[in-house]
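Asker: Pasting a structure here, questions to come.
Readers should treat all values here as calculations from the given coordinates under stated rules, not as data from a laboratory. A quick note: this is a predicted structure, and the numbers were derived from the prediction, not measured. For neighbour counting, all protein chains shown are included, and Cβ atoms are generated from backbone atoms with ideal geometry for every residue, glycine included.
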Amino acid sequence: MTETLVLPAFAGRAGAGSRPALPMDYFGQRLRAPADLVRLEDLRLSFRAFLRQAGAPADEISHWELVFAEAATNAVIHGSRNDPRREIEVAWSAGDGKVCLEVGDTGPGLQPGQILAGLPLDPLQTSGRGLYLIQQTCDRVEQWQGPAGFRLVMWRTVAGVSAPGGSSEALLQSALAEISQCYESLAAFYRLGDALIAAARLPEFFKQTVGDIAKVVPHDRLSIHFQPGLQSELRDELAQLPFYAPAFPLDNLAERVLRSGNETVWQQAVEIAPDPIWGGYECGFCVPLRAGGLTLGALTLARKRQPYLVASELSTVRTYADLFGIALANANHALVRDREQQALREIEIAATMQNDLLPLPASAALGGGRAIVRRRNARTVAGDYVDICPMPDGGLMLAMVDVMGKGMSAALFAGMVRTALRMHCDIGQPVGRLLEDLNRVLCRQTGELTLFATCALVYLSPRRDRALIVNAGHCPVLWLGPGVHGPSREIAPSGPPLGLYPDIHYLVEEQALATGDQLVMVTDGLYEWETNLDAVGAWKRLADLLRARRAEGGEAFWEAIQQRIRAANPHETDPRDDQTLLVWECRD
């Protein structure tokens, strides 16, 4: 908050000489700010505007800006240790042909005689020149120290400088004007909050709010850039705004602010002259739109001529920019949440489809044996599909399919595989030809899409005394003979997965079956959870476990596998991939 007032004399103990009281016709300002180098720009702009108002010529303003920069920077860095929790105070006054600048901080101040120091002896030394420049530029320099901290007071004679208006009436009018501007800004912020709540769409809020900015900070041009990282739907809506600035590469100023996240202020046309868009504007301000530590856009506001932007106007624009950033972040996050909700709904639909189109066959006693089926679903819908299909000749077709991918596409493709498989089983084709026809159908249906499925089929003869096994890119089918140390056999893939190459021939292997034999079919989710091993090593560990537990039967297989998985992943409540097991036990 800027105070416009007649400066009183400070009470305190002078470090060098006694301090004279200012005449009552002096006019000045006193401001406090956090000890932050970024905030010094506001103070400098206010000081420069004050000097212009007091009638100081351009060369004198340049001298004073140098003095201000050195003194204020020292106060922030050395006096307040660059700690924004502390404050610095600056005050300036003009009248009777003199200008006075005071800079105070909470630090211990200078050592005796330090203000009279010359240039550093070491030309490469990065500090120590500021006090020398202040001493050489000013007519008189004082230092004041007290319990509250340190204050540096600098005087310089400037011909033609006087209190604006030369009367207390001008002072009163200036104070009233500032109070009026504060009320206007406060009213605009209330309207901004109402608009944010009432606006059905973000572009409506921006349009209304930009109109409010013009009422409190007059300008000739305003434009807003938005970062490419915003959701595309939001950017498309904002692109309809009249002040939307799509030609980003041409706006060098906005590009710098978006990349750095730091605001830029100019108060003379020469400061911005190289910019192809803003070079013709006498003064302006480009401020980032930020929220949650991210820069979401940049707002640029400019005037072609005086009055120059003052600190209160810059503060107003910053507040609007902050609220713009919050509104952008909220709208962007809402779109992200909607998309996530849509994805969750799709997963729910896919799960329903998986349950409806890919039902888990019940474990049951069938002629000549018993089937045990178990499945544990992952967090996301996958395409594991297990089936037991009766054949026209009285045989059974055991199928284990694992579709590439997860989610809706995997569920749809798995449903397509099930339909085609059931149709071919109804025809009663031999298992080898059935798999090859199924592959050709899937290749035609998927076309250029990269979709495929691994598949293992086991045809059980009507008497259940032999099995014909064919494997298309799936993990091996395991045959276990009776007895604790009985024989075993792995039927590995004889060709690639289904849906990739239409003219593939798959090898059919035969296995004789007898009472006590078991056929085990799994999906890779039951062994590829072992990330420290390759797929071959992980499969070998699973096969060894099944061989060791063969006497206990299919239910024991499932419990033993799940126990291993829980022991290795105690904090994992859901599997990373679907886990499916089908065991056929030969019985009399």
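Asker: Can you work out the FRET efficiency for the pair E559 and R440, with r the C-beta to C-beta distance and R0 = 60 Å, to the nearest 0.05?
Answerer: Numbers: r = 40 Å, r/R0 = 0.67.
The formula returns an efficiency of 0.90 here.
Asker: Moving to a separate point now. Calculate, in nm to one decimal, what N569 and R140 gain on full extension: separation in residues at 0.36 nm each, minus their alpha carbon distance. Present the calculation step by step, with values, prior to reporting the outcome.
Answerer: Details: separation 429, 0.36 × 429 = 154.44 nm, distance 7.64 nm.
146.8 nm is the gain from fully extending N569 to R140.
Asker: With contacts defined as alpha carbon pairs under 8 Å and 6 or more residues apart, what's the relative contact order of the stretch 360-586 in percent?
Answerer: RCO, the stretch 360-586: 25 percent.
Asker: To the nearest 0.05, how large is the calculated FRET efficiency for I77 and E271 if R₀ is 35 Å and r is the Cβ-Cβ distance? Present the calculation step by step, with values, prior to reporting the outcome.
Answerer: On the way: r = 25 Å, r/R0 = 0.70.
Once rounded, the FRET efficiency stands at 0.90.
Asker: Can you compute the radius of gyration and Dmax for the stretch 360-586, using only the Cα atoms, both in Å?
Answerer: Both quantities, over Cα of the stretch 360-586: 16.8, 49 Å.
Asker: What is the extension gain from D59 to D36, computed as 0.36 nm multiplied by their sequence separation minus the C-alpha to C-alpha distance, in nm to one decimal? Walk me through the numbers before you get to the answer.
Answerer: Working: separation 23, 0.36 × 23 = 8.28 nm, distance 2.75 nm.
So the extension gain works out to 5.5 nm.
Asker: With a point put 7 Å past each Cα toward its Cβ, work out how far L294 is from D426 in nm, to one decimal.
Answerer: 5.2
Asker: Assuming R0 = 25 Å, can you tell me the calculated FRET efficiency for the pair A551 and D465, based on Cβ-Cβ distance, to the nearest 0.05? Working shown, then result.
Answerer: Numbers: r = 22 Å, r/R0 = 0.87.
The pair A551/D465 has a calculated efficiency of 0.70.
Asker: On to the next question. So if each residue of separation counts as 0.36 nm, and I subtract the Cα-Cα distance between L507 and D220, what length gain in nm does that give?
Answerer: Values: separation 287, 0.36 × 287 = 103.32 nm, distance 7.99 nm.
Length gained, L507 through D220: 95.3 nm.
Asker: Determine by what factor the alpha-carbon radius of gyration of the stretch 535-588 differs from 2.2 N^0.38 Å, reporting the quotient.
Answerer: Scaled against compact globular proteins, the figure is 1.25.
Asker: Using alpha-carbon pairs under 8 Å, 6+ residues apart, how would you state the relative contact order of the stretch 205-350 in percent?
Answerer: Details: 198 pairs, mean separation 35.9, N = 146.
That works out to 25 percent.
Asker: Turning to a different aspect of this structure: Along the positive direction of the dipole of the stretch 360-586 (beta-carbon charges: Lys, Arg +1; Asp, Glu -1; about the Cα centre), which of P496, G447, T515 reaches farthest?
Answerer: T515
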